[in-house]
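What follows is calculated from the coordinates using simple rules that are stated; it is not laboratory data. Please read these numbers as outputs of a predicted model, since none were measured by experiment. All Cβ positions, even for glycine, are placed from backbone atoms using ideal geometry, and neighbour counts span all protein chains on display.
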Amino acid sequence: MQVHLVGAHNRRQYADLLEQNHRLRHRVFVELQGWEALRRPDKREIDQFDGPDATYILVTDEGELVGGSRFNRLDGPNLLQTVFPGLVTEEFPAPPELGADWTRFYVRPDRREGRRRAPESAALFCSMMEYALSEGFSFITFVSTVYMVELGVAMGWRIVLLGSPAKIDGKPTVAAWIEVSEAALASVRRTTGIDRQLLPHGTRTPLPSSGLSLPVTS
């Protein structure tokens, strides 16, 4: 597997992979999870937060996209504060410029079947924390079902709810933040069994024009 960090500086190089990302997101979130509000005739799941300031972590295996996630800085347009402000009743732990919103986390469905722990998920979790540390973020926010909170806590992360759960599409859904720290990175590596850094030390966006494509251990 390979991890790719994609931002405004190199998204032209990754145009084909980003197109796969939008189509796979439609399959996962609309066709399988039933998020009908996101359905589009062209079968591309894309919204206003996929603009030029979005950053993506995408995982491929032999050139095929198998997982991904998206980040938007909290001091710019982001899904949490625009679409789900009602879920947030508590204060952020630090100013918005020190945080990012983590959204559209997925693993291709066929890569999850019959597997207790998908290595694609492990790569996404570890690279998320590496990315957050490299960007100098102190926290990452997300909106999800309670299951995601339980999973993060099981990986040793400090996760704090930003408000009470609310039912969305019939499921208890919460907004929360994850503390970004070296200890959190060490914990998720230990839990997932990934024993190396997936992104270079000190990496910050923008990256060199060649982009990033590094091996992932699983």
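Just a few scattered comments:
- Averaging 1/r over each pair of different alpha-carbon atoms in the chain and inverting the result gives 17.6 Å, the Kirkwood hydrodynamic radius.
- Sites listed here are GluC sites (Glu not before Pro) in the stretch 85-186 whose DSSP assignment is loop and whose Cβ has at most 15 other Cβ atoms within 10 Å: Glu90, Glu91, Glu113.
- Gaussian network model of the chain, springs between alpha carbon atoms under 10 Å - residue of Leu133, Leu162, Leu151 with greatest fluctuation: Leu151
- Beta-bridge orientation, the chain: approximately 90 percent antiparallel, per DSSP, counting only bridges with both partners inside.
- The chain: relative contact order in percent, alpha carbon pairs under 8 Å with at least 6 residues between: 24 percent
- Three-way shape call for the stretch 1-107 based on the alpha-carbon gyration tensor, with the a/c threshold at 1.5: oblate
- Here the Gaussian network model covers the chain, with springs between Cα atoms less than 10 Å apart; of Pro85, Pro77, Pro165, Pro85 fluctuates the most.
- Fluctuation leader among Val30, Val59, Val188 - the chain, Gaussian network, Cα springs under 10 angstrom: Val30
- Backbone HN-Hα couplings from phi across the stretch 132-139 [Karplus 6.51/-1.76/1.60, Hz, Gly and Pro as x]: 4, 5, 5, 8, x, 6, 9, 7
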